[in-house]
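See below for the structure under consideration.
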Amino acid sequence: MSVGEGTASLDKALGVLDLIGAAPNGMSNAELLDQAGLPKTTLYRILATLVERGLVRRDQVRRVYRLGFRYLELVRNAYLMPDLVAAASVELRTLRDLTGETSYLAVLDGGTVLSLERCDGAHSQRSAATLGQSKPLHCTGQGKAILSRLPKDQCEALVKSITLDALTPHTITDRRRLQIELGITRSRGYAIDDEEIVLGVRCVAAPIVDTAGEVRGALSVAGPAYRLSLTRLELLGPELADAARRVGSQLTVSRYQSGVEEVEPVSDGWAFHGAFPVWSGMSRCLYWADALAPAVHCFDGKQDRIIARLDAPITAMLLRGDTLIVVHDGHYVRLEADGHVTRISDASVWTDPAINALCVDPQGGCWVALCAEGDTECSLGVVDDEGRVRPHWRFSERIEAMTWAHDGVTAYAVAPDSGTLFMLRKGSPTVRRLASMPKGSGRLSGIALDEDGGLWTALKDGWTLVRFAADGSVDRLVSLPVAAPTGLAFVPDADGPALYVTSDRHLQSLESLTSAPWSGRLLKVRPGAAPARVQA
């Protein structure tokens with residue numbers, strides 16, 4: 001087939017798509033034959049191909065053709081940005097109601113702006129730019145608003161690359177004058193299009209900037225110049241700027257990323273219930289426990305070995321210096337690096353069977369969570385020199401894991417029953433709910449802080465690790481090949497910190513174990529750098 005023939009076939013198929021897309025109620029075979037002007041066999045061949053590729057679908061009830069859902073998927077992947085559209089929808093309606101004119105949401109698309117959403121005005125004569133239509137940057141309010149908030153080097157590069165075509169006598173065609181206009185826009189927070197792209201139409205627009213400082217798009221209001229005087233646009237400008245700020249404040253989820261990470265098992269055998277991973281910088285070893293077939297493991301980066309076996313299930317483990325304190329069946333033992341076990345028998349906190357979480361702060365202080373079996377009340381405090389707990393915070397539910405930030409002032413605690421992550425500050429009795437996960441996501445288990453301040457926890461029975469940002473928003477999910485991750489710890493590595501994850505095997509169904517043969521093993525996860533901010 002020649003190039004000309006291929007182009008002609010493509011043009012015919014696109015013509016059919018245009019006809020179907022322009023018909024809200026779909027088009028029948030007869031209507032398509034009448035309007036497409038194609039031979040019946042050619043039309044049917046084109047329709048069959050479009051249906052097979054999902055770009056067109058056949059409505060069997062009304063016997064008409066409509067645009068297919070594959071078309072929507074392609075558009076969504078390229079442009080729709082559902083979080084941005086959702087965040088802007090209320091403001092678009094409010095701006096329409098405030099002005100009576102058509103409001104728009106637009107985004108940067110290479111060297112142009114693209115309209116994503118529109119809320120039609122109340123007047124019969126109104127602006128009605130086509131959604132998905134690309135427009136120049138230099139002569140639209142949306143384009144100038146976006147350019148004004150881009151980083152300086154990116155803005156200058158775009159201004160140099162675009163052609164400043166004169167679409168009306170009012171269009172700015174001088175780059176120096178455009179830069180001056182962008183400076184004014186940047187200072188006042190909104191841009192004006194004074195009949196620069198279409199004679200008789202004016203527009204006011206403001207840039208949408210997310211909480212990370214990234215320009216995500218622009219809001220605008222456009223209408224006939226006789227209704228939108230320059231004086232009125234200057235009054236509306238601050239309203240547009242406020243609306244755009246409100247939209248941008250909702251876009252914290254733009255940091256979120258997910259994907260397949262590098263995950264590998266590093267233990268030779270499996271544990272019934274792996275738990276309590278802790279890294280010892282002194283012995284260069286990661287300690288972890290099989291809580292149910294009670295044993296303490298040591299992984300040195302190459303080999304995983306059992307250094308001690310105990311006679312009762314392990315319920316907590318703490319590293320102080322190079323000594324492990326292991327809690328099992330109400331007894332407390334010290335475990336030296338060589339595997340020597342010494343029982344703690346002095347009358348102190350270590351004889352309290354209510355301990356169910358242990359943690360050391362950066363200053364070496366030992367913190368414990370006390371919660372008696374069957375009791376819903378839980379207190380969290382520090383062990384004093386006499387071995388007694390001085391409570392700092394109280395909770396109405398069990399705390400099963402905690403960690404301290406590097407500053408030694410901020411602590412984080414996990415309450416699996418409610419799926420809550422708490423933030424605490426030394427010296428303050430206030431307990432702040434930082435984040436929560438619904439029970440359907442999995443049961444929060446374990447906690448670790450990365451070097452960028454991101455807070456990681458495992459979702460037991462959720463097949464996932466989750467990272468929370470400082471504001472409590474989820475900004476990363478890591479899929480795991482095991483159903484029930486239980487604990488996690490960061491370990492220094494030549495290629496950057498690696499995250500080690502323990503997992504459970506004991507309570508997993510046969511179906512789960514068949515799909516997750518690594519259950520119960522110690523896993524090494526390479527999470528990589530902190531997630532980059534991406535457009536939602």
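For the range 393-439, a residue qualifies if it is within 24 Å of MET317 (Cα to Cα), in a strand (DSSP E or B) and among the charged types (D, E, K, R), and the qualifying residues are ARG394, ARG425.
Taking (1) farther than 25 Å from THR376 by Cα; (2) under 21 Å from the mean Cα position of the chain (by Cα) in turn, ALA483 satisfies each apart from (2). Quickly run through the range 58-83 and pick out the residues that are modelled with pLDDT of 85 or more and either of a type outside the set (Lys, Arg) or surrounded by 18 or more Cβ atoms within 10 Å (Cβ to Cβ) (or both). Passing the criteria: VAL64, TYR65, ARG66. Those strands (runs of 3 or more DSSP E) of the range 440-532 in which 3 or more residues are in contact with a helix residue (DSSP H, G or I) (Cβ under 6 Å, 6 or more places away or on another chain), small (Gly, Ala, Ser) and surrounded by 21 or more Cβ atoms within 10 Å (Cβ to Cβ) are absent.
Of ARG432, ARG425, all but one fail to be over 18 Å from ALA489 (Cα atoms), surrounded by 14 or more Cβ atoms within 10 Å (Cβ to Cβ) and under 32 Å from the mean Cα position of the chain (by Cα); the exception is ARG425. If you check ASP268 against the conditions, is it more than 24 Å from THR342 (Cβ to Cβ), of a type in the set (Asp, Glu), part of a loop (DSSP other than H, G, I, E, B) and over 32 Å from the mean Cα position of the chain (by Cα)? Judged against the criteria, ASP268 is a match.
Against the list (1) out of contact with any His (no Cβ under 9 Å at 6 or more places or on another chain); (2) at negative phi; (3) surrounded by fewer than 22 Cβ atoms within 10 Å (Cβ to Cβ); (4) modelled with pLDDT of 90 or more, the condition GLY419 fails is (2).
The values are calculated or read from the model by the stated rules, or taken from the named source; none is laboratory data. Just so we're clear, the structure is a prediction, and the values are computed from it rather than from any experiment. Ideal geometry is used to build each Cβ from the backbone, glycine not excepted, and the neighbour counts take in all protein chains shown.
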